[in-house]
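See below for the structure under consideration.
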Amino acid sequence: MFLIEFLGLKGGVGRSTLSALLALGLAEKGMRVSLIDLDPLGYSSHLLGVREPNLSHNSTEEIQFQGEINVGRGSVNVLKIFGHVGLWNLLKSLPREEIQQRLEHYLKVTKNTKYVITDKSQFTGNTKIVQDIITESLNQFTKKRLYITDSNSINLELTAKLVNEDIDPFGVIINMVPPFPSAMEKAREVASLFKGLVVVNPFIESLFNVDSLSTDLIPVTIRKLIGFLDSPAPDLLVIMPDME
């Protein structure tokens, strides 16, 4: 069982979109996947349809922040922690012991999944309680951390520093690279700054400001990435799209 952590130094680099796309890609292959949306904006869960009450549920709590979507023979169970209708709104006034009990109740579904994906932001103050409890609850999973950055030189350098200080990172996704051969080739060269699996993603217009996702929007690079998730991180392997 694997815990895929999507991390990033800043917003706006596509972390939430990529985490949701990976969840869809794994489900498309027949996997049962859980996506835990830990971003304050709640965007990855929004992209997967967890945004409004689902009247087919009986619990007024579950209809707000949890949902399951079927993708072929697989499925994605989505848990929205923060955001306007997130689970945290129900938990934040409770004692820590009760917060832990309630979180563990909703995390039970992850025990039957091969992959858990977390879309993580920076945590401070009381909200860090949630991250600590979730991390502890998922300690039986093998962690694989994916750092997301865009092609801005400053962001690349800061991310490279973070990755290279990480004892065991799985890899990096350099996202939204201008879709021109020269820019893509430069990104390939920049990949040498990192270690592990490096995915180079071009800017894809159909994913910009998208309101919901489907499997036909999964980039070829994410499909290639899926083939390596069960393997140890390589010293350095660059995944590129097929450019004409």
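The values are calculated or read from the model by the stated rules, or taken from the named source; none is laboratory data. Please read all numbers here as calculations on a predicted model, not as lab measurements. Backbone-built Cβ (ideal geometry, glycine too); neighbour counts: all protein chains shown. When the accessible area is computed, the model is the full protein with side chains, heavy atoms only, and any ligands, DNA or RNA have been set aside. Shrake-Rupley method; radii C 1.70, N 1.55, O 1.52, S 1.80 Å.
Couple of notes before you dig in:
- Within the full protein context, the accessible area of L213 is estimated at about 20 Å² for a probe radius of 1.4 Å.
- Heavy-atom accessible area for D235, with the other protein chains in place and a 1.4 Å probe, reaches approximately 140 Å².
- Across the accessible surface of the chain, with the other protein chains kept in place and a 1.4 Å probe, carbon and sulfur atoms take up 52 percent.
- Note on surface exposure: M176, M240, M184, M1 rank M1, M176, M240, M184 by accessible area, highest first, 1.4 Å probe.
- Taking every C-alpha pair closer than 8 Å and separated by at least 6 residues, the mean separation divided by the residue count of segment 68-184 gives a relative contact order of 16 percent.
- Cleavage-rule hits (GluC sites (Glu not before Pro)) in segment 177-242: DSSP loop, at most 15 neighbouring Cβ within 10 angstrom: none
- MRE, 222 nm, helices only [DSSP H, n ≥ 4, -39500 (n - 2.57), over the chain, to nearest 500]: -9000 deg cm²/dmol
- Solvent exposure of the chain, expressed per residue, is 48 Å² of accessible area, with all protein chains present and a 1.4 angstrom probe.
- Stokes-Einstein diffusion for segment 130-226, with the hydrodynamic radius set to the Kirkwood value over Cα pairs and evaluated at 25 °C in a medium of 0.890 mPa s, equals 164 µm²/s.
- Cα lying deepest toward the dipole's positive end in segment 124-221, options V130, V199, F170, charges on Cβ: F170
- For the chain, a simple Cβ point-charge model (Lys and Arg +1, Asp and Glu -1, everything else neutral) yields a dipole of about 360 debye relative to the Cα centre.
- Where Rh is the Kirkwood radius over Cα pairs, Rg/Rh for segment 81-190: 1.07
- Restricting segment 187-241 to chymotrypsin sites (Phe, Trp or Tyr not before Pro) in coil, as DSSP defines it, with at most 15 other Cβ within 10 Å: F208
- Taking the chain as a Gaussian network of alpha-carbon nodes connected by springs under 10 Å, the highest mean-square fluctuation of the residues V76, V130, V172 belongs to V130.
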